[in-house]
1. In whole percent, what relative contact order does the chain give with Cα contacts below 8 Å and a gap of six or more residues?
2. Along the charge dipole of the chain, which of T98, W54, T115 sits closest to the positive end, that is, farthest toward it, with unit charges on the beta carbon of Lys, Arg, Asp and Glu (+1, +1, -1, -1)?
3. When the accessible area of the chain is split by element with a 1.4 Å probe, what percent falls to carbon and sulfur?
4. How much accessible surface area, in Å² rounded to 10, belongs to the heavy atoms of F175 with a 1.4 Å probe?
5. Where a ≥ b ≥ c are the square roots of the eigenvalues of the C-alpha gyration tensor, would you call segment 113-203 rounded, which needs a/c under 1.5, or, failing that, prolate if a/b is larger than b/c, or oblate?
6. Report the Cα centroid-to-centroid distance between segment 136-166 and segment 58-119 in angstrom, as an integer.
7. Please get the size of the charge dipole for the chain, origin at its Cα centre, with Cβ charges of +1 on Lys and Arg and -1 on Asp and Glu, quoted in debye to the nearest 20.
8. For an R0 of 22 angstrom, estimate the FRET efficiency from the Cβ-Cβ distance between N165 and L196 and round to the nearest 0.05.
Amino acid sequence: MIGADDAKNGKDGCRKMDARTFLDILHVAERLKDTPRHCTTSKGRIESVAEHSWRIALMAFLLRGEFPDLDMDRVTAMCLIHDLGECFTGDIPTFNKTATDEKTEDRLLDEWVRTLPDPVRDEMLALYAEMNAQKTPEARVYKSLDKLEAVIQHNESPISTWAPNEYELNKTYAFDTVAFSEWLTTLRREILADTLKKIEEGN
C-alpha cells in the first residue's frame, strides 16, 4: 500500500514535480522563443535560439539509425537543453563570445538549474558536465549537430545577411568537431558543397 509520502514522491521514492514548478521551468525556457540568433531563416527572418535547439533535436532523432550503439535519447536531451543558459544572457555569436561571456552564462545557468527539484536537477547537471567534458560519443555527436545546424542555417539564409567573415568560416567551421565520425564528416562535406554553390551563385 502506498503511503502519503510515497504518493508524493512516487512509487520508487523519487520526488514528483508539482505543476507549478513545471510551469515555472517552462516560463524560463520560453524566453528562448524571443532570443534572437546571429542568423536568419530562408525568408530572411531572424531565427530564435528555440528554433535552433528544436532543429538539432530533430537532427538527433533522424540519426538514431546511423548511431545504433549510442544513447540517442541522451543526445536529444543534450540538444534540447544546451542553450538554456541563453535565457539569462542572450545569444552571442561564436566568433564574438569571450571566455568571460562563457563563464557568466555557465554561472547563471548553474545557479538556476540548482534551484530545480530532484531528479531533474541532478540529471541536467550530469548532462551539462558530460557536454562540457566532450569525452563521450553522445556528447561529441551533440556538439557536432549544434555546430552543423548553424552552418546549414547559414546556407539556407539569404547571402546578403552573411557577415564578411562567414564566407570563409562557413567553409571550415566544425570539420575538426566531426572528424571522429565518418558519417558526420560526409555530412559536413555535403554542407560545404552547398556553401560553395551558394557563394558561386551569390544568393
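The values are calculated or read from the model by the stated rules, or taken from the named source; none is laboratory data. Here the structure is a predicted model, which means the values were calculated and not measured. As a convention, Cβ positions derive from the backbone with ideal geometry for all residues, glycine included, and neighbour counts pool all protein chains shown. What goes into the accessible areas is simple: the full protein's heavy atoms, side chains included, and nothing from ligands, DNA or RNA. Shrake-Rupley method; radii C 1.70, N 1.55, O 1.52, S 1.80 Å.
1. RCO, the chain: 21 percent.
2. In the chain, that residue is W54.
3. Answer for the chain: carbon and sulfur cover 54 percent of the accessible area.
4. Accessible surface of F175 is approximately 60 Å².
5. It is prolate, given that a/c is not under 1.5 and a/b is the larger ratio.
6. Using only Cα atoms to place each centre, the spacing works out to 15 Å.
7. 200
8. 0.85
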